[in-house]
Amino acid sequence: FSIVIELFGAVCLYFIFKNAGVDNPFWSAVFHSISAFCTAGFSLYANSFELFANNFWLNTVIFILSILGAMGFIVCVDVWRLHRGKIHKVTLTTKIILVSTFWLIVIGTVLMFITESYGNNSSQEDRLMYSFFQVMTSITTVGFNTVNISGLSKSVIVLVCVLMVIGASPSGTGGGLKTTTFSAIFGLMKSVIKQEKDVKFWGAVVPEDRVKTAVATLSFYLSTLVIGVYLLTLTEKSDFLEVVFEAASALGTVGLSMGIT
């Protein structure tokens with residue numbers, strides 16, 4: 001599965017890099033295809049993909065590779081079996097992953113689009129593509145960037161931090177808290193507010209042990225993040241928000257930076 005997806009990505013990226021006049025387009029395509037699918041975020045270019053910020057096809061291919069890697073083999077096979085008619089519906093976990101990932105990307109893109117200008121010379125279409133890519137790269141924890149992270153507004157930095165903390169899916173190659181954990185916590189919050197006994201999604205009850213695991217995971221994750229931020233404030237002279245961003249990026253294995261590293 002990994003080899004097939006990465007091969008597909010490498011072929012597409014080869015033509016994109018070749019048309020862009022990149023040196024050694026073949027090896028660049030192979031490297032970035034693997035890096036995107038494995039949500040590693042390593043780039044052969046000093047400023048990641050900032051030079052390709054307006055390249056629609058590169059943005060699209062990197063998105064496909066990153067999202068397939070972040071969701072993982074189990075989810076992809078589940079959807080494929082549904083498409084082939086071998087099953088009548090996907091599992092509850094797959095449905096939660098697909099729905100939560102979709103809405104996090106949509107809501108994140110809308111919020112970033114309306115709050116970040118990216119400079120006065122950026123068109124509406126460019127701003128939408130920048131916003132979509134940066135939200136995608138945060139939630140999948142792939143860590144590529146097409147805009148200068150340190151130049152983003154404080155509100156957008158906070159949004160990116162939240163997305164990096166939530167992270168990818170449990171069956172994928174990404175890091176973070178995981179979308180299933182976030183969904184379980186959200187379901188628990190909703191059930192408490194509505195005074196319901198069980199945590200439910202689409203009529204299905206989430207087992208109590210899963211909910212407890214989600215709460216424990218969130219508590220441990222945030223505790224580690226707070227300790228990391230505290231230690232960094234003792235050693236770094238950077239702004240507090242930059243320190244929080246760096247810690248959240250490291251803990252989620254995202255790799256984005258506002259310049260500290």
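The values are calculated or read from the model by the stated rules, or taken from the named source; none is laboratory data. It should be emphasised that the depicted structure is a prediction, and the values quoted were computed from it without experimental measurement. All Cβ positions, even for glycine, are placed from backbone atoms using ideal geometry, and neighbour counts span all protein chains on display. Side chains included, ligands, DNA and RNA excluded: accessible areas come from the protein's heavy atoms. Shrake-Rupley method; radii C 1.70, N 1.55, O 1.52, S 1.80 Å.
Points worth noting:
- Selection of the stretch 160-179 for residues being open to solvent by 20 Å² or more (accessible area, probe 1.4 Å), without any contact (Cβ under 8 Å) to a residue 60 or more places away in the chain and in a helix (DSSP H, G or I) yields only Val162.
- Top-ranked residue of the stretch 98-140 - restricted to ones that are under 18 Å from Ala204 (Cβ atoms) and either open to solvent by less than 40 Å² (accessible area, probe 1.4 Å) or of a type in the set (Val, Ile, Thr) (or both), ranked as nearest to the chain's Cα centre (by Cα): Ser100
- When Ser249, Ser191, Ser219 are checked against the criterion of being of a type in the set (Ser, Thr, Tyr) and in contact (Cβ under 8 Å) with a residue 40 or more places away in the chain, a single residue qualifies: Ser249.
- Those residues of the stretch 2-25 which are among the aromatic types (Phe, Trp, Tyr) and exposed (fewer than 13 other Cβ atoms within 10 Å of the Cβ), in sequence order: none
- Residues satisfying the stated conditions in the stretch 212-252, i.e. hydroxyl-bearing (Ser, Thr, Tyr) and either open to solvent by less than 30 Å² (accessible area, probe 1.4 Å) or touching a strand residue (DSSP E or B) at 6+ places or on another chain (Cβ under 8 Å) (or both): Tyr221, Ser249
- Matching option when the condition is free of Cβ contacts under 8 Å to residues at least 24 places away in the same chain and among the hydrophobic types (A, V, I, L, M, F, W, C), among Val211, Val243: Val243
- Positions within the stretch 60-84 being open to solvent by 70 Å² or more (accessible area, probe 1.4 Å) and under 24 Å from Phe15 (Cβ atoms), in sequence order: none
- Boolean, Lys95 is basic (Lys, Arg), exposed (fewer than 15 other Cβ atoms within 10 Å of the Cβ) and modelled with pLDDT under 95: no
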